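Read the structure below first, then the notes.
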Amino acid sequence: MSNATTCLLLRDGLRAEEYAESALDTLSTLPTEEQPIVVAGLAAVDLARARLLRDEIEGAQEALTRVFQVPPHWRSSGLMERLAAARIELTRPGISTSPAALSLAEQIETYSALSPTRRLGATNPLAIEA
């Protein structure tokens, strides 16, 4: 997962996707009850961001499906910060006006606004406020 994050910082979407998928594949070998939901969520957001770097909005939506299922009490600041970065990717020229991008951006904003860390006054802003 750390390799995926590094590749995202380098704007290398292809390699970031490979590493994020590898991390998720490794986690999927564990019994469901032993899979760390926080780590899986972070890796899934990294996968979504990697796909967004390559303008694959539907692929990003697919990757975020598992994130949007994370129960409220597991929505950490780290997860929210990663989602804000994904939301920012959706503002890039060329994809920002597509219906798929607008829909995904709205899902991210709603999910972030309703997270416990946000409601308790944490400093992780919505992407639109960044």
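Read-outs throughout are calculated quantities, based only on the coordinates presented, and are distinct from any laboratory measurement. The model shown is predicted, which means the values in this text are computed figures rather than measured ones. Please note: Cβ atoms are built from the backbone with ideal geometry, for glycine as well, and neighbour counts cover all protein chains shown.
I'd like the full set of residues that are of a type in the set (A, V, I, L, M) and surrounded by fewer than 19 Cβ atoms within 10 Å (Cβ to Cβ), limited to the range 104-121.
Ala113, Leu114, Leu120
Looking at the range 77-106, I want the residues that are touching a residue at least 12 places away in the same chain (Cβ under 8 Å) and among the β-branched types (Val, Ile, Thr) and have a partner that is assigned to a helix (DSSP H, G or I) and buried (at least 18 other Cβ atoms within 10 Å of the Cβ) with Cβ atoms under 7 Å, at least 6 apart or on another chain. Which pairs are those?
Ile88/Ala127; Ile95/Ile57; Ile95/Ala101
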